[in-house]
1. Hey, how many Å between the Cα centroid of the stretch 768-786 and the Cα centroid of the stretch 401-471?
2. Before rounding to the nearest 500, sum -39500 (n - 2.57) across all DSSP H runs of length at least 4 in the chain and divide by the residue total; then give [θ] at 222 nm in deg cm²/dmol.
3. Would you mind checking the tilt of helix 299-316 against the longest principal axis of the Cα atoms of the chain, expressed as 0 to 90 degrees and rounded to 10?
4. Check Ala645: other-chain or 5+ apart residues with amide H under 5 Å from its amide H, H built from backbone geometry?
5. Using +1 at the Cβ of each Lys and Arg and -1 at the Cβ of each Asp and Glu in the stretch 20-114, identify which of Gln106, Leu68, Ser86 lies farthest towards the dipole's positive end.
6. Treating only the Cβ atoms of Lys and Arg (+1) and Asp and Glu (-1) as charged, compute the dipole magnitude of the stretch 188-326 about its Cα centre; round to the nearest 20 debye.
7. Cα convex hull of the stretch 279-400: how many Å³ per residue?
8. Compute the Rg/Rh shape ratio of the stretch 1-121: radius of gyration over Kirkwood radius, all on alpha-carbon atoms.
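The values are calculated or read from the model by the stated rules, or taken from the named source; none is laboratory data. Everything numeric here is computed off the predicted structure, so don't read it as measured data. When we count neighbours, we look across all protein chains shown, and the Cβ atoms used for this are built from the backbone with ideal geometry, even at glycine. Heads up: the accessible areas ignore ligands, DNA and RNA and are worked out on the full protein's heavy atoms, side chains in. Shrake-Rupley method; radii C 1.70, N 1.55, O 1.52, S 1.80 Å.
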Amino acid sequence: TIDSDLGVKKLEQYVKDHGGSRVLKRILIANNGMAATKAILSMKQWAYLELGLESVFEFVVMATRDDLDANAEFIRLANTFVEVPSGKNVNNYANVDLICEVAAAQKVDAVWPGWGHASENPDLPRQLKALGITFIGPPSPVMSVLGDKIAANILAQTAGVPSIPWSGDGLTAELTEEGTIPDETFKKGCVATMEEAVACAERIGYPVMVKASEGGGGKGIRMCNSKEEIEANFPQVQNEAPPGSPIFVMQLCQGARHIEVQIIGDEHGQAVALNGRDCSTQRRFQKIFEEGPPTIVPKDTFTQMERAAQRLTQNIGYIGAGTVEYLFNAESKEFYFLELNPRLQVEHPVTEELTRVNLPATQLQVCMGIPLDRIPQIRRFYGKAADEDSSIDFLQDNYVYPDRHVIAARITAENPDDGFKPTSGRIDRIKFQSSVSCWGYFSVGANGSIHEYADSQFGHIFAHGGNREEARKALMLSLRNIDVVGDIRNPVEYLVELLGMGAFIDNTIDTSWLDGLIKAKSVELKYDDADVVFYAAVYRAMQTLKTRQQEVLAALGKGQLGPLDQLSTMNSFPVEIAFKGTKYNFQVRRGAADLLLFEIGGRTIKAKVREQPDGSIYVCVGKSVMTVFGTEEALGLRLRLEGVATIMLPALYDPSELRSEFNGKVVRYLQDDGAVVKEGDPYVELEAMKMIMPVKATASGKIAHTRGAGSIVSAGELLGSLELSDPSKVKKIVPFTGDFTLSAGTGDDESDDMMTQVQLALDGYVPQQEPAALVQQLFLTAPPYLYNELATAVLDRYLAVEEKYVEEVKRNVSPDQTYLALIAQNKESLD
């Protein structure tokens, strides 16, 4: 096309003008989800802003049937996709042979690996090089040595960068001709067995982290406080990491901050540090918030960290984007090398916000041979004219310090009420409103889903301000306005609570802060129990009415009259809600099409209700209005009260049944069939969304397995049964007694006028008081001159119904025939 030809010419001229050596136009994105989405968005944005055309590059993506069915955003953004096998990532996005096969068949110029999957597998750049295809990342030997956490620690020690005690203490090495650590030295830094891990931990001191060298994103890593915990966690680390990944042990640096330096190296021997990030808010070593600049670190100390990162990468000939991670002690001001990730990280937009440097586009330019000091955005960051070619000494010259602070929040499909276990399922819609100070992107959109093989993160929100406090407020405001509707859970409400906590505001947190809060259950969403119970009753009452109405209408449409006898059950019916060990029994009466009266504990609460097209329910009690969303799931009712919280009301269950808490695959049972398990002890491990998660027994007893290893299970599915050790100790559900007090009141101050109440009673709804008393009250509250008018109105309303039966009565037609005749006359408006 004309645009395509023009784009090629503009790109060729740009590369030539900026000292590059090759043009890369057709690119395979060997990733999915957030990574693929962000890469395509960023490169298209750069092409338009720099070259004036959005269609400069052609993007090819790999897509599994799972991602296609999930309506994944990255597929929509690409120019073309190649369907690849579904299932675990070893079948697709982590399959090096498959990636290379697709790259060759599609005749791409380059492959962008993203993060996770095959992004740290040195076989990928090695095989692509043999095919003559550019890998957008470091060369294979460099990736092997720096991307491996064990080798990277050895190199850091060799370069004199401080390291914390670990299984490879004191090891140093000179690189081989292939650019790798000698095998003998490398193996000395590993632990091959559980016993070796225990021995190392006892030497360096607990607590420790058992880590897979090829893990990442919170996977293949466990904190252990004892020998017993290592014995329990070592197999989990092995299972979560890629097969054959080396494992090492390092002392947990307590009270530390997790600080990152964003580095980029080029083929001309340059290495630039683009400021950094503070990623100390972590849960199970999975980052929750990321922010920058890392203000907890004094500027002169952070400069030392940047220079050390630059020297380390520059000396080894690193090409592309990477992240050097440190642990920083805020009291002593000391820092320790943690690892180097030889790839872009999911939190890189924090750096983009600080530096105004588009990192995926910079990766691409580096791989086109353009020197770092000729890239316009980097030159601007250093205060240099973008269109000049003066050199920059990145080890001596200082950049213009960022004029803003950025805080980011990851949006994940995880359940904060259940230890942040991953969830999967349908997403009906995502509502997010960008603003001047906040933006975000998502890997799925409306009518999409998160499938069981996907990463749990599906969104990322970035807020900025003139300082940390401004950025924090902007992020809180934005998170409060996010609305995700569907099967999955998300921790947005929990994140808002965290942002408002004193330790976060005062910036006194460390990497163990959030795990400590979760363990102590000290972060709880604030809501009134009676409100939760009442709005749950409203939701279930509305569902009951909807179901019964559909049944009646379906029968009438077929000429079946039997359901007419059940119409009275639509006007008065019971609703049961169980919450926090108490059972609430409501009697619901229908006072009008949009009025429900809930009786409990001798009190009546009037609620005006309206169901919206999106399935939400507006509930008005007095002058208070609440928007309610509900979803009945296998494990109970998930209720969302807008602006308040999302609450799970568990279904009443048999304590002898052990059920899955989420969708996943059985990895292994932790007790033998027939063994005794104690309440609260893990009894099985499930794999969900690339994480190994233990499920705990809800009672004590002798367990009988009902599934086998490798079985796929859904939430609520039976995993085992218990022969209870002591049935008398099982917690009982007690009925509610006492006063039921709703924060919104009872709605008595918002009654309809007496005439309306009489008319509703004549229409067949339950009167709000005895019919005779209602009519008497109508006339007692009206002046005498209106008596005739009121009586006529009541009589007319009554006769309007009776007149429909006059002709049938005259013809001595049976009631059933009368009903059938009326149904036929009104078949288009039966509801």
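1. After rounding, the separation between the Cα centres reads 57 Å.
2. Counting only the DSSP helices, I get -9500 deg cm²/dmol.
3. 60
4. none
5. Result: Gln106, furthest along the dipole toward the positive end.
6. 160
7. Expressed per residue, the convex hull around the Cα atoms of the stretch 279-400 is 117 Å³.
8. 0.99
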